[in-house]
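Below you'll find the structure, written out as C-alpha cells, and then a few comments.
Throughout, read-outs are computed from the coordinates displayed, never taken from laboratory work. Please read these numbers as outputs of a predicted model, since none were measured by experiment. Neighbour counts run over all protein chains shown; Cβ positions are idealised from the backbone, glycine included.
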Amino acid sequence: MEITFLGTGTSHGVPRIGCSCEVCTSNDPRNKRFRSSLLISEGDTSVVIDTGPEFRLQALRSHITRLDAVFYTHNHADHMNGIDDLRVFSETAPLNVYGPPQVLDDIRQRFPYAVGENPWRGGLPQLILHDVPMDGISIGNLNFVPIPLVHGCREVYGYRIGRFAYLTDCKTIPESSLPLLSGLEVLVIDGLRYKSHPTHMSIDEAIANARTIDAGTTYITHLNHRVDHGELDAYLPEDMHPAYDGLRISFSTVERGETHVRY
Ligand SMILES: [Zn+2]
Ligand SMILES: [Zn+2]
Ligand SMILES: [Zn+2]
C-alpha cells in the first residue's frame, strides 16, 4: 500500500490569495499547499479521500488515471468542491462514493445531477452514494474503517486503513474512537497552526493527541500559511513530521481483517 498527499493545506490553500507573508512568498516547494486530500494505492486499487477545489490539478500532478472509490471526511467546501471532476472516473461505470450521512445528504442537495438514475447523461459525474459501515468496507484489499471525530459542532470521519489512519479536520478525538486507533504504523493528523483554533487542533494539540495514540510515525496536515515547513519540522519531536504535497509513503504490510498480509 502507498499513500500520496495530494494536498496538505487548510481551506485557503497556501499561498493564501493576496498575502505576502514569509510562507506565502517562500521558495520552498513544501510551503505550497493545495487543499487537503489523500490518494491511497494498493496493487490495481486506487482510492481518494476528499476532492477539494484543486482535485483536477492534483489528479494531473499525481497521474491518477482510475479510481475505485472516493471517501469523504465531511462536507466543507475545501474537501468537496472538486466533485464535478470525478466525471472522468465514472465514464464507463458509476463511481462508488462513501461518507458520513451529512456528506451524502449534501451531495444529493448540491449535486443532484451527479446521483440521478439515468445510465448515461453525457458529461456528468455518475456517483453511487453509500453509508460507511462502522465496521468498515473493503475496496480491493483495503479495509476502510470510519473514525468518528469532532470538528467544531459536527461529527466528521477520519479513516483507518490497515495500520494507517488519516484524521484531517478535527478538534478532538472522542474517547470511544481511541481504541480504533491502536497499533498504527503511520498517523496523519490535523494541525492547523501554532495558535489555538475553535474547530481544528493546534500543532501542540496534534502532538498531544499523537502521543496518546502512540503511532510509529506521525505526519501533521491541513497546515495554514503561518506554518513554515522547515520551522515546523524543527519544532516537532523526532517521530513527527510536517506532511507536504506530493509526499509518498509506502507500507510493507496491509492489514486485512485480523490478518497481516506481507508483500
Ligand atoms: Zn478542511
Ligand atoms: Zn501568507
Ligand atoms: Zn473542515
- Measuring from a point 7 Å past the Cα of Glu91 along Cα-to-C-beta, which residues in region 42-70 have an amide N at less than 12 Å? 65-66
- Task: Pull out the extension gain between Thr65 and Asp105, defined as 0.36 nm times the separation in residues minus the alpha carbon to alpha carbon distance; nm, one decimal.
- Result: 11.6 nm
- Note on the structure: Expected max-MSF residue from Ile220, Ile137, Ile17 in the GNM of the chain (alpha carbon, under 10 Å) is Ile17
- Please identify which residues in region 203-240 have an amide N closer than 19 Å to a label point set 7 Å out from the Cα of Asn27, following the Cα→Cβ vector. 228-231
- Hull surface over four for the Cα convex hull of the chain, reported in nm², is 13.7 nm²
- Query: Given the options Glu175, Glu42, Glu155, which has the most mean-square fluctuation in a GNM of the chain, springs set between C-alpha atoms less than 10 angstrom apart?
  - Reply: Glu175
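For Glu2 and Ser182, compute 0.36 nm times the residue count separating them, minus their Cα-Cα distance, and round to one decimal in nm.
Working: separation 180, 0.36 × 180 = 64.80 nm, distance 2.01 nm.
Roughly 62.8 nm would be gained on extension.
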